[in-house]
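The values are calculated or read from the model by the stated rules, or taken from the named source; none is laboratory data. All values reported here derive from a predicted model rather than from experimental measurement. Glycine also receives a Cβ, built like all others from the backbone with ideal geometry; neighbour counts cover every protein chain displayed. Just so you know, the surface numbers come from the protein's heavy atoms only, side chains and all, with ligands and any DNA or RNA stripped out. Shrake-Rupley method; radii C 1.70, N 1.55, O 1.52, S 1.80 Å.
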Amino acid sequence: MSEHLQLTVDGAVATLTIDRPAKRNAMSHAMWSALPGLMDRVEHDDAVRVLVVQGGDHFSAGADISEFETLRKGAEGARAYGEVVHAGERAIASLSKPVIAAITGFCVGGGCEIALACDIRVATEDARFGITPAKLGIIYHFMSTKRLVEAVGPAWAKQILYSADLIDAATALRIGLVNEVHPAAELAARAKELAEVLATRAQVSVRGAKAVVNGITDGLHVENDELHALFEASYTSPEYAEGVRAFLDKRPPRF
């Protein structure tokens with residue numbers, strides 16, 4: 001595991017903190033490499049229902065470019081480095097539990113890649129966003145580009161990728177890159193509040209919804225066997241029985 005990634009658990013909410021302030025939370029090879037193991041811990045901790053990903057003054061200024069002339073040198077090095085980055089990104093995106101990105105300061109390049117792998121993005125009013133491969137002679141990875149297009153549409157995805165310019169939080173909100181924008185002093189509380197709301201909902205519904213939405217964005221037009229099994233399992237789940245009983249009893253459900 002990387003010393004610059006801190007995973008903590010408070011009740012049903014886990015928090016992954018990117019903690020490398022001297023580099024504006026730039027992601028090193030070691031940090032990317034640590035993500036699959038950390039996500040595996042979250043996935044298999046039955047007490048955890050929601051993950052929040054956050055930084056400090058900055059969410060993440062991107063990949064650590066200082067490694068590009070060493071670990072990422074040459075075509076073979078670039079290919080191997082890219083696989084580590086995308087394995088880390090995929091580990092976040094494939095988590096069965098909902099993931100919230102709480103975005104502060106710079107959310108650029110690899111930082112934006114991490115944020116887009118999350119399900120919900122909330123940001124501070126002074127956050128800045130950008131995807132900058134066009135300044136480095138790199139083509140953004142297919143799956144990460146797909147997630148950007150899903151969030152903002154093809155026209156804005158092209159502008160963001162072609163220009164490599166930073167956009168402000170108000171623009172990010174308007175184009176759908178983030179769900180909510182808040183004053184800096186309120187972001188942590190809002191992320192915690194949202195995480196706790198998701199944690200109190202029926203997990204069969206929350207995780208089922210994530211699987212269905214992901215199936216749709218991955219190109220499904222009709223229900224497949226895997227999703228059909230999810231629907232069938234929900235009908236016999238204890239949460240379904242509790243939800244109906246609570247509604248009839250006129251009380252909050254206890255999931």
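Overview of values
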quantity: Qualifying positions in the stretch 158-200 - part of a loop (DSSP other than H, G, I, E, B) and open to solvent by 40 Å² or more (accessible area, probe 1.4 Å); calculated: 165, 166, 179, 183
quantity: Residue in the stretch 64-76 that is part of a loop (DSSP other than H, G, I, E, B) and at pLDDT 95 or above present; calculated: no
quantity: So residue 14, is it part of a helix (DSSP H, G or I) and surrounded by 14 or more Cβ atoms within 10 Å (Cβ to Cβ); calculated: no
quantity: Every pair of residues 6+ apart whose Cβ atoms lie under 7 Å, when the first sits in the stretch 226-255 and is over 22 Å from residue 212 (Cα atoms) while the second is surrounded by fewer than 10 Cβ atoms within 10 Å (Cβ to Cβ); calculated: 246/252
quantity: Which numbered condition residue 121 fails, given (1) under 11 Å from the mean Cα position of the chain (by Cα); (2) in a loop (DSSP other than H, G, I, E, B); (3) over 18 Å from residue 5 (Cα atoms); calculated: (2)
quantity: Verdict on residue 149 being exposed (fewer than 13 other Cβ atoms within 10 Å of the Cβ), among the hydrophobic types (A, V, I, L, M, F, W, C) and either without any contact (Cβ under 8 Å) to a residue 40 or more places away in the chain or out of contact with any helix residue (DSSP H, G or I) (no Cβ under 8 Å at 6 or more places or on another chain) (or both); calculated: no
quantity: Boolean, residue 55 is open to solvent by less than 20 Å² (accessible area, probe 1.4 Å), under 18 Å from the mean Cα position of the chain (by Cα) and modelled with pLDDT under 95; calculated: no
quantity: Single residue of the stretch 56-87 satisfying the filter (touching a strand residue (DSSP E or B) at 6+ places or on another chain (Cβ under 8 Å) and of a type in the set (Gly, Ala, Ser)) that is farthest from residue 199 (Cα to Cα); calculated: 63
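Okay, residues lined up against (1) hydrophobic (A, V, I, L, M, F, W, C); (2) under 16 Å from the mean Cα position of the chain (by Cα):
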residue	(1), (2)
12	yes, no
16	yes, yes
24	no, no
30	yes, no
38	yes, yes
43	no, yes
46	no, no
51	yes, yes
